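For reference, the structure is listed below as structure tokens.
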Amino acid sequence: MPKIIAEGKTFEVAVETNLREALLDQDIDLYSGTANVFNCHGHGICGTCLVQIEGAVSEPTKLETTRMAFPPHSAHKDRRLSCQAKVLGDVRVTKFDGHFGEGNHIRWTPEQGLTSGSVTNQS
Ligand code: FES
């Protein structure tokens, strides 16, 4: 079974598990601020579930490709909408600051929970 490492937690999921659902099931702090309440619940529209993923996940859906073509997402080719990603193998997940997760400061890494916001993306 694929292993997910996110916000200091390591857990296994079935192949093709939806990444957003897997993260929320583990109480991972996926959303920022008001996006915890105001999000599209995984329909690929709001863009607030944005994360950086290392590892094997499904290719972007047409919906995700469309959403990622608009700012602020269009500036982040290294990030994905977790609600549109199916887990295919081991993955490591990082969340950045900003309403959508579009910022340059890391909120949490695969191995570490919420940071002070002082870590800057080096990529
Ligand atoms: S939850 Fe809205 S785009 Fe993923």
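For region 98-111, state whether one or more residues are touching a Pro at 6+ places or on another chain (Cβ under 7 Å) and part of a strand (DSSP E or B). Taking every residue of region 98-111 in turn, none turns out to be touching a Pro at 6+ places or on another chain (Cβ under 7 Å) and part of a strand (DSSP E or B). Ala56 meets each of the listed conditions (1) at pLDDT 95 or above; (2) of a type outside the set (Lys, Arg); (3) buried (at least 16 other Cβ atoms within 10 Å of the Cβ) apart from (3). Here the condition is being touching a helix residue (DSSP H, G or I) at 6+ places or on another chain (Cβ under 7 Å) and among the small types (Gly, Ala, Ser); of Gly55, Gly8, Gly47, Gly33, it holds for Gly47 alone. Screening region 15-40 for residues that are among the β-branched types (Val, Ile, Thr) and surrounded by 14 or more Cβ atoms within 10 Å (Cβ to Cβ) and picking the one that is farthest from the ligand (Cβ to nearest atom) gives Thr17.
For region 63-73, the criterion of being farther than 16 Å from Asp97 by Cα, assigned to a loop (DSSP other than H, G, I, E, B) and of a type in the set (Gly, Ala, Ser) is met by at least one residue.
Might you check whether a residue that is buried (at least 20 other Cβ atoms within 10 Å of the Cβ), at pLDDT below 95 and outside any strand (DSSP E or B) occurs anywhere in region 77-95? No, because not a single residue in region 77-95 is buried (at least 20 other Cβ atoms within 10 Å of the Cβ), at pLDDT below 95 and outside any strand (DSSP E or B). Scanning region 41-97 for residues that are touching a strand residue (DSSP E or B) at 6+ places or on another chain (Cβ under 9 Å), small (Gly, Ala, Ser) and either more than 9 Å from the ligand (Cβ to nearest atom) or closer than 14 Å to Pro110 by Cβ (or both) turns up Gly55, Ala56, Ser58, Ser82, Ala85, Gly89.
The values are calculated or read from the model by the stated rules, or taken from the named source; none is laboratory data. These figures come from a predicted structure and were not determined experimentally. Ideal geometry is used to build each Cβ from the backbone, glycine not excepted, and the neighbour counts take in all protein chains shown.
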